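Worksheet: the structure to be examined is printed underneath.
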Amino acid sequence: MIERTGRLARLLTSAEQLREQTLGPQAGLVDAEARLPVETLARLWDQGFLTLFIPREYDGQGASLLEVALVVEELARGCPSTALLVVIQSLGTLPILLAASPDQKQKWLNSIVHSRKLLSFALSEPEGDDSRETRATREADHFLLSGRKTLVTNASEADWLIVFAATDPQAGLKAGLSAFLLERGAPGLLLARTEPRLGLRGLPPADLVLDACAVSPDQMIGPLGQGYALADSSLQPAGVLLAALAVGLMQATKDLLRQNPSLARLVSGEQKSHPAEHLLAEIAMTLEASRALTYQAAGDWLAASSAEREAGWTATAESQEGGPKLLAAHAKCFATDSALRVLQAAIELSGPSSLLRDHPLSRLLRDAQCLPVLVRPNPSQRKTIARSLLK
């Protein structure tokens, strides 16, 4: 049982109020206009939802992964696009927390909090995440980054971008990739395309073009050549947060079904059983199973990440495989796949009107269709899980 007291109680109360007063009523508008309102963004900053992972010594919230997951779940009940912004901001913060030097943390984390810097995470390339076409060539006193990053969530609004590039293409993906922090508007850094997705339209992705973009060595995050391990260590907890988003989306679906009077009459009749009862039971069981797995993955991560912080982050195989990090893959894959099944069942229960574009269930279905692909696609998660069984 999670004790919702102290800081967590305050965060969840604020998230619930934001959901009821703003996110829920505006969710349809966010979907239609494919953007988050400026006022919503300001409230996310004011209430600390965009600095959740940042330690208190840098004036952040100092929240654990479980606490962040609970906030994401609550926000997703009102507007999944807004919850996704919290996930992406957390994902962008993680490389700094894990591998930046003390001086970099002091500079960057304080700036995120006090200058309200939005972050994005640029790993994917046109040929896939395993591509090494984006290169960082060492010059006398800087690196020159050239290449293209594709479908980078919130890149068009981000102030800073965490960009991964090959510093030693011959060393292979796991030893030749490095991470850099780039500022929006840097010479040679261009936005190539911004286009809303099928769902989660409030946070559209964009492509980045790097054309001999000069980057100081001081902007490298972590040791040279350890970018792959750093990306992996960041994507795993972010996957748990995406699972929490899926749980919130399923809870929103359940809430909508409970408000359906015709459905209530259908299953409260005198007949012994109705097919709708079986679908409703499946929705409820799937939601609770996803929630339990997500909470377990987030809670187990707390102990593992605490031990890792004490030892110092390293790109060892042990820090990348097994234990809580494998459970994170289970949670992300199961919860995001489940959200899609739950929405399909809910639409079957609600009838043809729920297929209209402006119907809340139709919007949630489009949101759910995006989740298995984001923050490391589920086929990759299944590959990790399957290989672990054979070790």
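The values are calculated or read from the model by the stated rules, or taken from the named source; none is laboratory data. Treat the numbers as computed from the prediction; the structure is a model and nothing was measured. Neighbour counts are summed over all protein chains in view; Cβ atoms, including those assigned to glycine, are modelled from backbone coordinates with ideal geometry.
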> Of 185, 128, 202, which residue is within 21 Å of residue 38 (Cα to Cα) and surrounded by fewer than 18 Cβ atoms within 10 Å (Cβ to Cβ)?
Replying inline: 185
>> Being polar (S, T, N, Q) and within 25 Å of residue 119 (Cβ to Cβ) is the filter here; which residues of the range 18-49 pass it?
In response: 22, 26, 40, 47
> Condition test on residue 234, is it farther than 25 Å from residue 78 by Cα, in the same structural domain as residue 360 (by TED's automatic domain parsing) and in contact (Cβ under 8 Å) with a residue 60 or more places away in the chain?
Replying inline: yes
> Only one residue in 199, 239 is assigned to a helix (DSSP H, G or I), out of contact with any strand residue (DSSP E or B) (no Cβ under 9 Å at 6 or more places or on another chain) and at pLDDT 95 or above. Which one?
Replying inline: 239
> Out of all the residues in the range 123-162, which are in a strand (DSSP E or B), among the small types (Gly, Ala, Ser) and either more than 14 Å from residue 190 (Cβ to Cβ) or assigned by TED's automatic domain parsing to the domain that holds residue 376 (or both)?
Replying inline: 136
>> Condition (residue is at positive phi, modelled with pLDDT under 90, out of contact with any Phe, Trp or Tyr (no Cβ under 7 Å at 6 or more places or on another chain) and assigned to a loop (DSSP other than H, G, I, E, B)) applied to the range 323-341: is it met by at least one residue?
In response: no
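Residue by residue, here is whether (1) buried (at least 21 other Cβ atoms within 10 Å of the Cβ); (2) of a type in the set (Val, Ile, Thr) holds:
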{"site": "5", "(1), (2)": "no, yes"}
{"site": "25", "(1), (2)": "no, no"}
{"site": "43", "(1), (2)": "no, no"}
{"site": "47", "(1), (2)": "no, no"}
{"site": "60", "(1), (2)": "no, no"}
{"site": "73", "(1), (2)": "yes, no"}
> Got a sec? Which of 376, 357 is assigned to a loop (DSSP other than H, G, I, E, B), assigned by TED's automatic domain parsing to the domain that holds residue 277 and crowded, with 19+ Cβ neighbours inside 10 Å?
Replying inline: 376
> Does residue 249 satisfy the criteria of being in a strand (DSSP E or B) and not assigned by TED's automatic domain parsing to the domain that holds residue 29?
Replying inline: no
